[in-house]
Amino acid sequence: MADVEARERMILVAVDGGEESMYALSWCLKNVVYENSKDTLILLYAKSPRAVYPALDGTGYLFSSEILASMDKYNNDVGNCVIEKAKRLCKEVKDVKVEAKVELGDPRDVICQMAEKLGVDMVVMGSHGYGLIKRTFLGSVSNHCAQNVKCPVLIVKKPKSVGGDK
């Protein structure tokens, strides 16, 4: 196992601030990242692009530029907050090299593109555990990534038990 530990791996962990992604990050730190390894965790947060709302009367946009700027600031603040929360979790669980990336776009596309662009060894992500109906309407980011990313994709499902991470 010494050979495996000596090799530097890049592991992309998709985070969105939800319990599922933070559980997946914690699980990854405890079960995938070796003690004293040279692994690098890349925390990736995908910001959904702002929807454009044209006014129904054709006079322009429904929201003023100030409101749109405020919405953008809020989205940036949320992204930064999620990344900081994930970095704190990394420090608490295991001392590991961490890089953070906040990218704009649909999470399905962003995760696949960044995995390819960075040449990561593995992608780790949480599963929301949607049933068939919700998956049909909302789609499954983890399923899309598992089918389209060229490296291994580890999908971690949070157990239903309240306090357990077994």
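Which residues, taken from segment 10-43, are among the small types (G, A, S), free of Cβ contacts under 8 Å to residues at least 60 places away in the same chain and closer than 20 Å to V82 by Cβ?
Residues satisfying the conditions do not exist here.
If you go through segment 49-59 one residue at a time, do you hit one that is at pLDDT 75 or above, in a loop (DSSP other than H, G, I, E, B), on the phi < 0 side of the Ramachandran plot and within 16 Å of the chain's Cα centre (by Cα)? Steps first, answer last, please.
Step one: of segment 49-59, the residues at pLDDT 75 or above are 49.
Subsequent filtering for residues that are in a loop (DSSP other than H, G, I, E, B) retains 49.
Now narrow it down to the ones that are on the phi < 0 side of the Ramachandran plot: 49.
Checking which are within 16 Å of the chain's Cα centre (by Cα) leaves us with 49.
Yes, because at least one residue in segment 49-59 is at pLDDT 75 or above, in a loop (DSSP other than H, G, I, E, B), on the phi < 0 side of the Ramachandran plot and within 16 Å of the chain's Cα centre (by Cα).
Just name the residue that is surrounded by the fewest Cβ atoms within 10 Å (Cβ to Cβ) out of those in segment 74-102 that are among the hydrophobic types (A, V, I, L, M, F, W, C) and over 17 Å from K47 (Cβ atoms).
Start the filter on segment 74-102 by keeping residues that are among the hydrophobic types (A, V, I, L, M, F, W, C), which leaves 78, 81-83, 86, 89-90, 93, 96, 98, 100, 102.
Imposing the further condition that a residue be over 17 Å from K47 (Cβ atoms) reduces the set to 89-90, 93, 96, 98.
Values: L89: 18, C90: 22, V93: 15, V96: 19, V98: 17.
Top of the filtered list is V93.
If M71 satisfies all but one of (1) outside any loop (DSSP other than H, G, I, E, B); (2) modelled with pLDDT of 90 or more; (3) exposed (fewer than 15 other Cβ atoms within 10 Å of the Cβ), what's the number of the condition it fails?
The one condition M71 does not meet is (2).
Please go through segment 86-113 and pick out each residue that is basic (K, R), within 15 Å of W27 (Cα to Cα) and out of contact with any strand residue (DSSP E or B) (no Cβ under 7 Å at 6 or more places or on another chain).
R88, K91, K94
So, E20, is that one surrounded by 11 or more Cβ atoms within 10 Å (Cβ to Cβ), among the acidic types (D, E), at negative phi and modelled with pLDDT under 85 or not?
When the stated conditions are applied, E20 does not pass them.
Which numbered condition trips up G105, out of (1) at pLDDT 90 or above; (2) touching a helix residue (DSSP H, G or I) at 6+ places or on another chain (Cβ under 9 Å); (3) surrounded by 15 or more Cβ atoms within 10 Å (Cβ to Cβ)?
The one condition G105 does not meet is (3).
The values are calculated or read from the model by the stated rules, or taken from the named source; none is laboratory data. What you see is a predicted model, and the numbers here were worked out from it, not measured in a lab. Backbone-built Cβ (ideal geometry, glycine too); neighbour counts: all protein chains shown.
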